[in-house]
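Here's the structure, in structure tokens; my notes come after.
We did not get these values from a lab; they are worked out from the coordinates using the rules stated. Being a predicted model, the structure only gives us computed values, none of them experimental. Backbone-built Cβ (ideal geometry, glycine too); neighbour counts: all protein chains shown.
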Amino acid sequence: MRVFLTGATGFIGSHIIPELLGAGHEVLGLTRTDAGAGQLEAAGAAVHRGDLEQPETLAKGAASADAVIHCAFDHNFETFAENAKKDARNIAAIGTALEGTYKPILITSGIGIGTPLNGGPATEDILNPRHANPRIATELAGAALTAQRIDVRTIRLPQVHNTLKAGLVTPLAAEARRAGAAAYLGDGQTRWAAAHVSDVARLYVLALEKGEPGARYNASVEEGVTARAIAEAIGLRVGLPVRSIGPEEVNRYFGWMAPFAGLDMIGTNAWTRERLGWNPNGVDLLSDLAVMDYALPVERIAPIAGM
């Protein structure tokens, strides 16, 4: 298949490209810059010029391919709600190019969207249309395409990591350096699901080749890693003290990440593994955090994370 890949030069997209090529597919990658075009060509992908601010450019790319993997998302959390709405508009635009065809589109969401109302791990069968997370806009846009009989499959991401990035943990480490300590809220038993980027990239390809219309797939490998364990890993690597804090100190130690400090974002993967034959074997989150280079600059634009 010729696969149109948005987010092709990003953290996850750049790992999906070799997986697609290795499986015998062609890749048409979205980019808006000359540097991105050079990166795509070096990776063996064709170049499609476009921009998330111009949905019609995404529709044009989808029209020239046999399938779409939509990874691109504006991760500036200062405008998170608006960016989720923008993602919905882009998904709708891609849908205009797929209507009346059998071409599949894989969209990208967060693991937290599948959390049951009474709490517990996120599961693939749950979609709460009134979810408080703005990222629900992504899945509602996908549901609207499904209602039009378009083949939509959803990948729900946890904290995706390697030794360079680790979802929300990367900016969390930056906030710890700013505050002078790696902190966790209360007893630190809040948990975040995680998966190595290599496992996530393989899952996208499996969902493309073996997935079912309307299905949702959890990309979580570790159901949940505790906030305390994450803080201890950051503190040990960076040389910062580690401490428990109360709600009144959250803003001081977590900064703009304060809304995430007390969130459980955990998820199971049994159904996904069974349906797709997915056998993740990547390194676990704490092992990557133990060798990560936290000296790298971190902006307030975070990597893709499962929220």
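Order the peptides 198-208, 79-89 from the highest to the lowest mean number of other Cβ atoms within 10 Å of their residues. All intermediate terms of the calculation are to be shown ahead of the outcome.
Details: 198-208: 22.9, 79-89: 17.1.
Top of the packing list down: 198-208, 79-89.
With both partners inside the chain, how many of the DSSP beta bridges are antiparallel, as a percent to the nearest 5?
Of those bridges, close to 15 percent are antiparallel.
Shown is the FRET efficiency for D284 and A43, computed with R0 = 25 Å from the Cβ-Cβ distance and rounded to the nearest 0.05: 0.40. By the combined test of axial Cα extent (at least 18 Å) and Kyte-Doolittle hydropathy (mean at least 0.5), the qualifying DSSP H helices of the chain come to 197-210. Taking 0.36 nm per residue of separation and subtracting the current Cα-Cα distance, fully stretching the chain between E209 and W271 would add 20.7 nm. Note on N118 and N76: the model spin-label points, each 7 Å out from Cα along the C-beta direction, lie 4.2 nm apart.
Packing here is the average count of other Cβ atoms within 10 Å per residue, and on that basis the peptides 239-247, 30-38, 183-191, highest first, run 183-191, 30-38, 239-247. Kirkwood's formula applied to the C-alpha pairs of region 141-217 gives a hydrodynamic radius of 15.1 angstrom.
Can you give me the C-alpha center-to-center distance between region 12-90 and region 185-207, rounded to a whole angstrom? Here the two parts' Cα centres lie 22 Å apart.
An ellipsoid equivalent to the chain, defined through the eigenvalues of its Cα gyration tensor, has semi-axes of 32, 20, 18 Å when rounded to whole angstrom and sorted largest first. Each pair of Cα atoms in region 82-179 enters the Kirkwood radius, and Stokes-Einstein at 25 °C and 0.890 mPa s then converts it into a translational diffusion coefficient of 163 µm²/s. Its convex hull of Cα atoms gives region 151-192 a direction-averaged projected area, equal to a quarter of the hull surface, of 4.6 nm². Could you let me know the centre-to-centre spacing of region 135-159 and region 208-229, using Cα atoms, in angstrom? Region 135-159 and region 208-229 have Cα centres separated by 15 Å. Among 49-59, 153-163, the peptide with the highest mean count of other Cβ atoms within 10 Å heads the list, and the full ranking is 153-163, 49-59.
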